Amino acid sequence: MNGSTEPCVQLVISSIGVVGVAEQNRSHSSRFFEFLTKELALDQDRINICFFPLEPWPIGKKGTLMTFL
């Protein structure tokens, strides 16, 4: 990351209805950064977080779709 071989984190978060807007993601990002920098002793520039909002209809689970669960 950033041309370095030092330890880093790439966190990918996908969720239905939880990571859909910037205001939500800003709050989530703040909490994840706080946890990761404390627990892993990493600088913030060594962490990337990608948020992917999902719709329930293309996600299969338990033999059906999330839409119907």
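Every read-out reported here was derived from the displayed coordinates using simple, explicitly stated rules and does not represent laboratory data. The model shown is predicted, which means the values in this text are computed figures rather than measured ones. Please note: Cβ atoms are built from the backbone with ideal geometry, for glycine as well, and neighbour counts cover all protein chains shown.
Assorted remarks:
- Other-chain or far-sequence residues with amide H under 5 Å of SER15's (modelled H): PHE52, LEU54
- When only the Cβ of Lys, Arg, Asp and Glu is charged (+1, +1, -1, -1), the dipole of the chain relative to its Cα centre reaches about 320 debye.
- C-alpha long axis of helix 22-40 to longest principal axis of the chain, angle in °: 50
- Length-normalised contact order of the chain in % [C-alpha pairs under 8 Å, at least 6 apart]: 41
- For the range 8-69, the spread of Cα positions along the three principal axes, ordered from largest to smallest, is 42, 23, 14 Å.
- Calculated mean residue ellipticity at 222 nm for the chain: -9500 deg cm²/dmol, from DSSP H runs with n ≥ 4 weighted as -39500 (n - 2.57), summed, divided by the residue count and rounded to 500.
- Sum of side-chain charges, LEU69 neighbourhood, beta-carbon under 10 Å (Lys, Arg +1; Asp, Glu -1): +2
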